[in-house]
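Take a look at the structure set out below.
Taken together, the values in this text are just the output of simple stated rules run on the coordinates, not laboratory data. Predicted, not measured: the structure shown is a model, and the values here were computed from it. Cβ placement follows ideal geometry from the backbone for every residue including glycine, while neighbour counts extend to all protein chains displayed.
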Amino acid sequence: MESIYAALLLHKASKDITEANIEKILKAAGVDADKAQLSKLVAGLKETNIEDIISSAAAVAPVMATPVVSEKSAGATPKEEKKEAEEEEEEEPTGIGSLF
């Protein structure tokens with residue numbers, strides 16, 4: 001995963017996304033680089049428009065943040081809905097959301 005972050009950093013800085021450049025970033029961060037993984041990543045990114053991927057991800061994010069009405073709360077009373085909302089608030093965030 002770190003190699004993907006390094007590739008995105010290089011892209012943002014308008015630098016060439018090469019195995020050597022990614023490896024330099026990983027070494028600077030104290031991460032051991034997996035050379036086979038770097039080769040696959042660089043090869044895959046040569047045929048990819050990173051801006052399109054970023055745009056696609058940005059378009060999906062608001063959809064993923066939209067609350068979904070569960071079957072459980074479909075016919076619930078306001079008191080039951082409030083209880084369910086409180087239970088949902090107590091859940092710890094996971095994934096990338098837990099970083100914020």
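Pairwise Cα distances in segment 2-48 exceed 12 Å for 55 percent of all pairs.
Return the distance in nm (one decimal) between the two label points of a simple spin-label model at residue 84 and residue 46, each offset 7 Å from Cα along Cα→Cβ. Modelled inter-label distance: 5.2 nm. Couplings 3J(HN,Hα) for segment 22-39, derived from phi with the Karplus relation 6.51 cos²θ - 1.76 cosθ + 1.60 (θ = phi - 60°), are 5, 4, 4, 5, 5, 5, 5, 8, x, 10, 6, 8, 8, 4, 5, 5, 4, 4 Hz, where x marks Gly and Pro. Per-residue 3J(HN,Hα) values for segment 43-52, derived from phi via the Karplus relation 6.51 cos²θ - 1.76 cosθ + 1.60 with θ = phi - 60°, read 4, x, 6, 5, 9, 10, 9, 4, 4, 5 Hz in sequence order (x marks Gly and Pro).
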